[in-house]
Amino acid sequence: YCLMLGLEFAMLAMLHGELPKAAALIKQSLQHNWDIRDYRGTDVCLDALGALSMARAQFERAAELFGVVERVLEFIRTSILPFDQQQYMENRKQLLTELDEKTFAEFWAKAKAMSFEDAVTFALAEK
């Protein structure tokens, strides 16, 4: 419950333009979810970091993070949570307007080829 609350605070911080604060809160939640191997929680945090990268105009990073989101969802054999689906689709649609198709495909493929450990390390790296 506390981690979900932390993620909600991160989303509020992002809406108010407090991107460093949002990043710290999301990464804290990601680290905890990964430590306990909560793949659903890990996936939600990766999606949030993808949205944060979009807000920072870091489109290549966002493409990689969203690619990792897809990889985790395939691994746990589920789809994105319904209340996150609309935002995820909007982010992905915007991403496709910011990156050409070839660049998007390259970053997406790179992400889907990462191990989970490498993906979490990549996500936690400061950008």
With the structure loaded, tell me whether residue 78 is surrounded by 24 or more Cβ atoms within 10 Å (Cβ to Cβ), farther than 25 Å from residue 100 by Cα and out of contact with any His (no Cβ under 7 Å at 6 or more places or on another chain) or whether it fails that test. no
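Yes or no, residue by residue, for (1) modelled with pLDDT of 90 or more; (2) of a type outside the set (A, V, I, L, M, F, W, C):
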site	(1), (2)
46	yes, no
62	yes, no
84	no, yes
94	yes, yes
114	yes, no
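Which of the helices (runs of 4 or more DSSP H) contained wholly in segment 38-113 include at least 2 residues that are of a type outside the set (Gly, Ala, Ser) and under 18 Å from residue 126 (Cβ atoms)?
Details: elements: 39-55, 59-76, 82-98, 101-113.
Fully inside segment 38-113 and qualifying: 39-55, 59-76.
The values are calculated or read from the model by the stated rules, or taken from the named source; none is laboratory data. It should be emphasised that the depicted structure is a prediction, and the values quoted were computed from it without experimental measurement. A quick note on method: Cβ atoms are made from the backbone with ideal geometry, for glycine too, and the neighbour counts reach across all protein chains shown.
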